[in-house]
Amino acid sequence: MRLRLLTLMLLGMPLWCIAQERARPDMKQELWASVSIQGRPAFLDSLLGTTIAKRIRPSAEVGYRSADSFFAGRQYYADLGIAYKITDKITVGTEFRHAYRTNGSDRQRLGGMVQYKTKVRRFELAYRFTYQHNFREWGDVREVLRNKFIAGYNIPKWKLDPQFSTEFFTWAAPQGLSYYGTRYKLGTEWDINKVHSLGIGVVHDRERMVFAPEYRFILSVDYGINLRKS
């Protein structure tokens with residue numbers, strides 16, 4: 001009897017392993033496009049004083065994110081944010097986003113970030129920590145910790161300096177921390193003049209901790225307007 005039971009267990013083990021194996025990742029291609037504006041409003045100088053005001057950067061952004069087809073809209077969003085430069089290397093800030101989703105499940109989020117940025121010869125290195133609160137139901141991904149590492153290289157006499165970043169997404173759930181996604185980006189930014197800039201990049205986004213993860217390859221195009229630099 002024991003031998004028969006053991007034989008059935010051994011024969012059934014491969015089928016059980018197949019049943020437990022995760023589904024293959026769903027590969028998708030998307031387009032992300034945005035227009036942002038930042039600067040220092042003149043009234044801040046008289047309100048706060050030039051010393052403090054020159055460290056403040058309000059910003060606004062509107063963006064579009066496609067579905068698997070570039071022209072099939074999945075999400076439109078608007079961001080409002082403000083950053084404060086504590087030192088030449090350390091910046092803190094906050095941002096609110098409202099996202100309109102074509103499937104009817106609109107989303108909002110509020111985040112706070114701190115960033116450390118430095119230069120080593122021709123390399124520009126940065127680390128950014130973001131705490132993000134998503135306004136969702138209990139049990140969903142509400143509290144998110146984001147750790148982003150950025151490295152850029154300044155090529156002499158070349159305007160399209162490359163930049164690479166890796167960002168890790170961790171869900172701070174009631175039962176503990178859960179690392180659920182990674183985002184890689186390789187891109188560059190072209191300063192058209194002192195006010196206008198254009199950023200182009202390729203993003204690879206990978207889900208984790210789900211049965212059928214999504215792997216997304218994204219073309220990112222960003223147009224920026226900087227009204228006052230200092």
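Report whether or not Gly111 is under 24 Å from Lys28 (Cβ atoms), surrounded by 13 or more Cβ atoms within 10 Å (Cβ to Cβ) and without any contact (Cβ under 8 Å) to a residue 60 or more places away in the chain. Even if it seems obvious, please write down each step before you answer.
Values: under 24 Å from Lys28 (Cβ atoms): no; surrounded by 13 or more Cβ atoms within 10 Å (Cβ to Cβ): yes; without any contact (Cβ under 8 Å) to a residue 60 or more places away in the chain: yes.
Judged against the criteria, Gly111 is not a match.
Out of Ala67, Ala78, Ala53, I need the residue that is touching a helix residue (DSSP H, G or I) at 6+ places or on another chain (Cβ under 6 Å), within 27 Å of Arg97 (Cα to Cα) and at pLDDT 70 or above. Which one?
On the way: Ala67 fails: touching a helix residue (DSSP H, G or I) at 6+ places or on another chain (Cβ under 6 Å); Ala78 fails: touching a helix residue (DSSP H, G or I) at 6+ places or on another chain (Cβ under 6 Å).
Of Ala67, Ala78, Ala53, the one residue that is touching a helix residue (DSSP H, G or I) at 6+ places or on another chain (Cβ under 6 Å), within 27 Å of Arg97 (Cα to Cα) and at pLDDT 70 or above is Ala53.
In the range 15-50, which residue that is exposed (fewer than 11 other Cβ atoms within 10 Å of the Cβ) and touching a Phe, Trp or Tyr at 6+ places or on another chain (Cβ under 8 Å) is modelled with the lowest pLDDT?
In this case the residue turns out to be Arg22.
If you scan the range 68-102, which residues turn out to be closer than 19 Å to Gln29 by Cβ and part of a loop (DSSP other than H, G, I, E, B)?
Within the range 68-102, Asp68, Ser69, Phe70, Phe71, Ala72, Thr102 qualify.
Scanning for something within 27 Å of Pro162 (Cβ to Cβ), outside any strand (DSSP E or B) and not small (Gly, Ala, Ser), does the range 54-61 turn up at least one residue? Quick ask: steps written out before the conclusion?
Step one: list which residues in the range 54-61 are within 27 Å of Pro162 (Cβ to Cβ), which gives 57, 59, 61.
Narrowing the set further to residues that are outside any strand (DSSP E or B) leaves none.
Within the range 54-61, not a single residue is within 27 Å of Pro162 (Cβ to Cβ), outside any strand (DSSP E or B) and not small (Gly, Ala, Ser).
Taking into account only those residues within the range 171-230 that are farther than 22 Å from Tyr153 by Cα and touching a Pro at 6+ places or on another chain (Cβ under 6 Å), which is surrounded by the fewest Cβ atoms within 10 Å (Cβ to Cβ)?
The selected residue is Tyr215.
Anything in the range 76-101 that is surrounded by fewer than 13 Cβ atoms within 10 Å (Cβ to Cβ) and either among the polar types (S, T, N, Q) or touching a residue at least 60 places away in the same chain (Cβ under 8 Å) (or both)? List them, or say none.
Of everything in the range 76-101, just one residue is surrounded by fewer than 13 Cβ atoms within 10 Å (Cβ to Cβ) and either among the polar types (S, T, N, Q) or touching a residue at least 60 places away in the same chain (Cβ under 8 Å) (or both), namely Thr87.
Out of all the residues in the range 132-166, which are part of a loop (DSSP other than H, G, I, E, B), closer than 25 Å to Val92 by Cβ and among the aliphatic types (A, V, I, L, M)?
Val141
Take the conditions in a strand (DSSP E or B), in contact (Cβ under 8 Å) with a residue 60 or more places away in the chain, farther than 12 Å from Ser34 by Cα and charged (D, E, K, R) and apply them to Arg228. Does it pass?
On the way: in a strand (DSSP E or B): no; in contact (Cβ under 8 Å) with a residue 60 or more places away in the chain: yes; farther than 12 Å from Ser34 by Cα: yes; charged (D, E, K, R): yes.
In short, no.
Between Gly139, Gly152, which is of a type in the set (Gly, Ala, Ser) and at pLDDT 95 or above? So that I can check it myself, show each step before the final result.
Working: Gly139 fails: at pLDDT 95 or above.
Checking each option against the conditions leaves just Gly152.
So, of the residues in the range 103-131 that are of a type in the set (Ser, Thr, Tyr) and assigned to a strand (DSSP E or B), which turns out to be nearest to Trp158 (Cα to Cα)?
Just the residues of the range 103-131 that are of a type in the set (Ser, Thr, Tyr), to begin with: 105, 116, 118, 127, 130-131.
Add one more test, that the residue is assigned to a strand (DSSP E or B), and what stays is 116, 118, 127, 130-131.
Values: Tyr116: 25, Thr118: 20, Tyr127: 25, Thr130: 31, Tyr131: 35 Å.
Among those that are of a type in the set (Ser, Thr, Tyr) and assigned to a strand (DSSP E or B), it is Thr118.
The values are calculated or read from the model by the stated rules, or taken from the named source; none is laboratory data. Since this is a predicted model, take the numbers as computed values, not measurements. Backbone-built Cβ (ideal geometry, glycine too); neighbour counts: all protein chains shown.
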